[in-house]
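To start, the structure under review is shown below, and the notes come after it.
Computed from the coordinates by the stated procedures, all read-outs in this text should not be read as laboratory data. For clarity, every value in this text was computed on a predicted model and none was experimentally measured. Counting neighbours? That spans all protein chains shown, and the Cβs are built from the backbone with ideal geometry, glycine included.
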Amino acid sequence: MNSRINWLAIIVATIAGMFIGFLWYGAFFQLQWAAAVGMTGPGLTEPGAEILKHGTPVTLDPVTPMVINAISLVIYAFIMNWLIVQTKRTSLVGGATLGALIGTVCLLTTYVSNRFAMNPTISSIIDGSYYLVLFAVIGGIIGAWRKK
């Protein structure tokens, strides 16, 4: 299997995934997502200010979730690489399509899970669409960037 892994594509897909998360949960939907999960306070827009979770002050640990996210993204990229090799979807469109299919499964799982947890619909929309875009991009990068 090592001969079929483009390590640079795995790294680039991981970095792209981190950038998508930064955009999704930062630039695009930060305030909507925070409200959906019960976070309020000036700390959402002012670094160092207080953040409340369901009215209780919280201290954020940004390092641990980022490390877990990076490890997860590497694992996602390896799984996507394996699936692309197995399905012979070795192109940008083929990889992105396969990724979008996996992202759709994640979107639906997120939606159903949030329905049972009685979370706001916006939470499902933000989280689910993130997975759809994330896996389509990871699949596109790995599908297009095959080892010669």
Quick one: angle between helix 63-87 and the longest Cα principal axis of the chain, in degrees between 0 and 90, rounded to 10, please. 30 degrees
Per the helix-only model, the chain has a calculated mean residue ellipticity at 222 nm (DSSP H runs of ≥4, -39500 (n - 2.57) each, divided over all residues, rounded to the nearest 500) of -22500 deg cm²/dmol
Based only on other Cβ atoms within 10 Å, what is the fewest-to-most ordering of MET18, MET118? MET118, MET18
If amide hydrogens are placed 1.01 Å from N in the peptide plane, which non-local residues have theirs closer than 5 Å to the one on MET39? HIS54
Suppose we keep just the alpha-carbon trace of the chain; what are its Rg and Dmax in angstrom? 17.2, 55
What is the ratio of the Cα radius of gyration of segment 88-148 to 2.2 N^0.38 Å, with N the residue count, to two decimals? 1.30
Could you tell me how many degrees, from 0 to 90 and to the nearest 10, lie between the Cα long axis of helix 121-144 and the main elongation axis, the longest principal axis, of the Cα atoms of the chain? 20 degrees
Compute the distance from the alpha-carbon center of segment 85-148 to that of segment 1-50, in whole Å. 15 Å
Give me LYS88, LYS53 ranked fewest to most by other Cβ atoms within 10 Å of their Cβ, as a rough exposure proxy. LYS88, LYS53
Phi-derived 3J(HN,Hα) across segment 40-49 with the Karplus relation (6.51, -1.76, 1.60, θ = phi - 60°), rounded Hz, x for Gly and Pro, is 9, x, x, x, 5, 10, 10, x, x, 7
When a/c is below 1.5 the answer is rounded, else prolate if a/b is larger than b/c, else oblate, so apply that to segment 46-110 with a ≥ b ≥ c taken from the square roots of the Cα gyration tensor eigenvalues. prolate
Arrange the following residues from fewest to most other Cβ atoms within 10 Å of their Cβ: ILE126, ILE15. ILE15, ILE126
